[in-house]
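What follows is a set of notes on a single structure, which appears directly below.
The values are calculated or read from the model by the stated rules, or taken from the named source; none is laboratory data. Just so it is clear, the model here is predicted, and its values are computed rather than measured. Quick reminder, even Gly has a Cβ in these numbers, built from the backbone with ideal geometry, and neighbours come from all protein chains shown.
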Amino acid sequence: MRLFIAIYLDDKILAHLASIQCTFKKYGKCPPKENLHLTLKFLGEVKDPQDIITALQEVTLQPFDLSLSHIDSFETGYHGTIIWVTFAESKELILLKKKIDHAIPALKDDHPFKAHITLVRAGLADKKELQNDLKNTTVEPLQMIVRSFSLVKSELLPGGSKYTTLATFSLLEEQ
């Protein structure tokens, strides 16, 4: 099964991101609001997740705040353009990522971590129009408290990805 580790977003942030998606849906495919998340680590194909679940149960950290920051885009060789929103810098988020990496060291990242939420997978868009829309879009610096992270199964279906939470891990103070 195809797995990743993610932070789910609160309703206030989801609603704001869905409103931003409306501006950019003309450029391509928008994941449904309920699929928006912050990926901490993509694990790829895993036969049995039990060892991962056991290891992640040992990750401890106090709950922490995350704030939305800004919108941007990058071009990919095969998806066209990805439009995303990022978070303000967070030492706690980086620490959580490091603790997860330490808990499952055999599962390496294939690229550097960048805290973002993919809003649109755009085709080959008119670059001037897209840049103008990006420049004119305001991301409210909404905050949420991160109280947990989840191990998620991703199924790639013809209508889009289907996500199933396999386990959720609460952030608690270290003992």
Quiz prompt | Unique match (being under 21 Å from Thr81 (Cα atoms), at pLDDT 95 or above and touching a strand residue (DSSP E or B) at 6+ places or on another chain (Cβ under 7 Å)) among Leu56, Leu3, Leu9, Leu38 | solution = Leu38
Exercise. Could you grab me the full set of residues in the stretch 113-154 that are over 30 Å from Leu172 (Cα atoms), in contact (Cβ under 8 Å) with a residue 60 or more places away in the chain and surrounded by fewer than 18 Cβ atoms within 10 Å (Cβ to Cβ)?
Key: Arg121, Gly123, Leu134, Thr137
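Name the residue that is modelled with the highest pLDDT, counting only residues in the stretch 59-87 that are of a type in the set (Phe, Trp, Tyr) and more than 25 Å from Lys153 (Cβ to Cβ). Give the derivation first.
Applying the first criterion (of a type in the set (Phe, Trp, Tyr)) to the stretch 59-87 yields 64, 74, 78, 84, 87.
Then drop every residue that is not more than 25 Å from Lys153 (Cβ to Cβ), which leaves 64, 74.
Working: Phe64: 97, Phe74: 86.
Step by step, filter the stretch 59-87, then rank; the result is Phe64.
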